[in-house]
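J.: The structure under discussion is supplied below as structure tokens; questions concerning it will follow.
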Amino acid sequence: MRSVTARPLLLTLIPLLVLGLAADGRAAPRRAGAATLVSVDGPARLTVKTKSGKLRIRLFSIDTPQVGECGAPESIAALKKLAKRGKGRFRYELLDGGTRDFERDAEGRYLAFLAPPGQDGFFSGLGQDLVDTEWARNGDALALTQPPITHGDLTVGGAGAGFGSSRTPRGVWALCGGRMHLPASQPVPSHAPATWAITADGVTESIGPLALSPTLSPSTNLTVAQVAALAPVELYDVGGSQCRASVPSLQLVLSAATPGKQPCGSAEVFAVVTSGPGAAATTQGVGVGSSASAAKAAFPRLAGGTDGEDGGLRLTGADALPWAWQTQAGVDERTGTIDGFYTSAGPDGD
């Protein structure tokens, strides 16, 4: 028996597809175009007006304090100030979900980049400006049991928070002790930079309570979960099959590789970088604020000169030595002083 509803239903769906409606029946927005600010609705959340109507969006791949957490009102206030520049005019770009629709968050907001006209919203724009104020960071918050999302590298500017440990505290560092998701009801914990135990050859043996592998194997045998058992961590996904772990109490950022769908907790750490406003130091007495010449005196096998690529000093004696953790010191080229430390597993510090 022929169905009497098949033809009317098909005739109903055809106009919807022709009109470009989204899967939920609402008018599908354009992927990119001009936008004008309507309102800032919460942390990383805005409403903008476009040619295809109003869009409720969430800035893509930035992690901010949420309502009820330390710094949330301040992060929202910073976003409002940034969004009003240029009379609230932007160019938006939605994240393609690959299903004839665009990606949305749990609230139904479109994930998007917003940037002033003429700028690339991926590497600059409103989200990165908020990161620069330190009321946000690159990436999406994760739990120990979650794997990172498989997409391209979303990090702008290095291996984590990057060097710069001597900077003046601001943003979440000044208000929340570096915690991006500290409940507002909890006291702000104290924090101090970890002491780095580095051999004369530039091999990092430990960083505060973190013991690193002394073997010549490139494997670290240190997982994110092991770090979390020693100090509170906040995980975030920066793409490229990597998890980042911020350890505010030690003023460190850790990078961990996650092949396949491996959860972040079981991922092995392959790089550690100083972060935060404190003055990290080594057991030899060389620390943030020390002169580059003092570092050379403390590490006799230090590779001569500065690294032309990043202005840093190699604290390793010879590339032929396959040490497990080779260390670099960041150098502020304006003052000639150390501004942070970085170490990574494997030969040549890779």
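J.: Given the criteria at pLDDT 80 or above, within 30 Å of PHE60 (Cβ to Cβ) and in a strand (DSSP E or B), does SER206 qualify? Show your work before the answer.
T.: Values: at pLDDT 80 or above: yes; within 30 Å of PHE60 (Cβ to Cβ): no; in a strand (DSSP E or B): yes.
Answer is no for this residue.
J.: Between residues in segment 190-213 that are free of Cβ contacts under 8 Å to residues at least 24 places away in the same chain and residues that are open to solvent by less than 30 Å² (accessible area, probe 1.4 Å), which pairs lie under 7 Å by C-beta distance while being six or more apart or on different chains?
T.: Partner pairs satisfying both residue conditions: SER206/ALA197; SER206/LEU212.
J.: Does ALA297 fit the bill of being among the small types (Gly, Ala, Ser), in a loop (DSSP other than H, G, I, E, B), out of contact with any Lys or Arg (no Cβ under 7 Å at 6 or more places or on another chain) and at pLDDT below 85?
T.: no
J.: Then there is this: Pull out all pairs, ordered by first then second residue, where Cβ-Cβ is under 6 Å, the residues are six or more apart or on different chains, the first lies in segment 248-260 and is farther than 19 Å from TRP196 by Cβ and outside any strand (DSSP E or B), and the second is among the hydroxyl-bearing types (Ser, Thr, Tyr) and open to solvent by 10 Å² or more (accessible area, probe 1.4 Å).
T.: So the pair list comes out as THR258/SER241.
J.: Something else: Would you check if there is a residue in segment 44-63 being modelled with pLDDT under 90 and over 30 Å from ASP132 (Cβ atoms)?
T.: Within segment 44-63 (the criterion being modelled with pLDDT under 90 and over 30 Å from ASP132 (Cβ atoms)), the answer is yes, since at least one residue qualifies.
J.: Hey, among the residues in segment 42-56 that are in contact with a Lys or Arg (Cβ under 6 Å, 6 or more places away or on another chain) and touching a residue at least 24 places away in the same chain (Cβ under 8 Å), which one's surrounded by the fewest Cβ atoms within 10 Å (Cβ to Cβ)?
T.: Among them, the one singled out is SER52.
J.: So, in segment 261-280, how many residues would count as being touching a Gly at 6+ places or on another chain (Cβ under 9 Å) and buried (at least 19 other Cβ atoms within 10 Å of the Cβ)?
T.: Qualifying residue count, segment 261-280: 9.
J.: Return a yes/no flag: does segment 182-197 have any residue that is within 20 Å of SER275 (Cβ to Cβ), among the small types (Gly, Ala, Ser), at pLDDT below 90 and part of a loop (DSSP other than H, G, I, E, B).
T.: yes
J.: On to the next question. Whether any residue in segment 246-259 is modelled with pLDDT under 90, more than 24 Å from GLY330 (Cα to Cα) and open to solvent by 10 Å² or more (accessible area, probe 1.4 Å) is what I want to check.
T.: Yes; the residues of segment 246-259 include at least one that is modelled with pLDDT under 90, more than 24 Å from GLY330 (Cα to Cα) and open to solvent by 10 Å² or more (accessible area, probe 1.4 Å).
J.: Could you tell me whether segment 168-175 includes any residue that is assigned to a helix (DSSP H, G or I), of a type in the set (Phe, Trp, Tyr) and at pLDDT 85 or above?
T.: Yes, that holds for at least one residue.
J.: Okay, next question. Give the residues of segment 228-241 that are out of contact with any Gly (no Cβ under 9 Å at 6 or more places or on another chain) and open to solvent by 40 Å² or more (accessible area, probe 1.4 Å), sorted by residue number.
T.: ALA229, PRO232
J.: Out of segment 125-146, which residues are surrounded by 21 or more Cβ atoms within 10 Å (Cβ to Cβ) and of a type in the set (Gly, Ala, Ser)?
T.: Selection gives GLY125, GLY127, ALA136, GLY139.
J.: If you don't mind, there's one more thing I want to ask. Applying the selection to segment 67-84, what residues are surrounded by fewer than 17 Cβ atoms within 10 Å (Cβ to Cβ) and not in a helix (DSSP H, G or I)? Walk me through it before giving the result.
T.: Here is the first cut: in segment 67-84, the residues surrounded by fewer than 17 Cβ atoms within 10 Å (Cβ to Cβ) are 67-68, 73, 77, 80-81, 84.
Answer for segment 67-84, where residues must be surrounded by fewer than 17 Cβ atoms within 10 Å (Cβ to Cβ) and not in a helix (DSSP H, G or I): VAL67, GLY68, LYS84.
J.: Look through segment 85-106, keep the residues that are part of a loop (DSSP other than H, G, I, E, B) and open to solvent by 90 Å² or more (accessible area, probe 1.4 Å), and return whichever of them is modelled with the highest pLDDT.
T.: ALA106
The values are calculated or read from the model by the stated rules, or taken from the named source; none is laboratory data. Quantities reported herein were computed from a predicted structural model and do not represent experimental measurements. Because the Cβ atoms are built from the backbone with ideal geometry, glycine has one as well, and the counts that use them run over all protein chains shown. Calculation scope for accessible area: heavy atoms of the full protein, side chains included, ligands and nucleic acids excluded. Shrake-Rupley method; radii C 1.70, N 1.55, O 1.52, S 1.80 Å.
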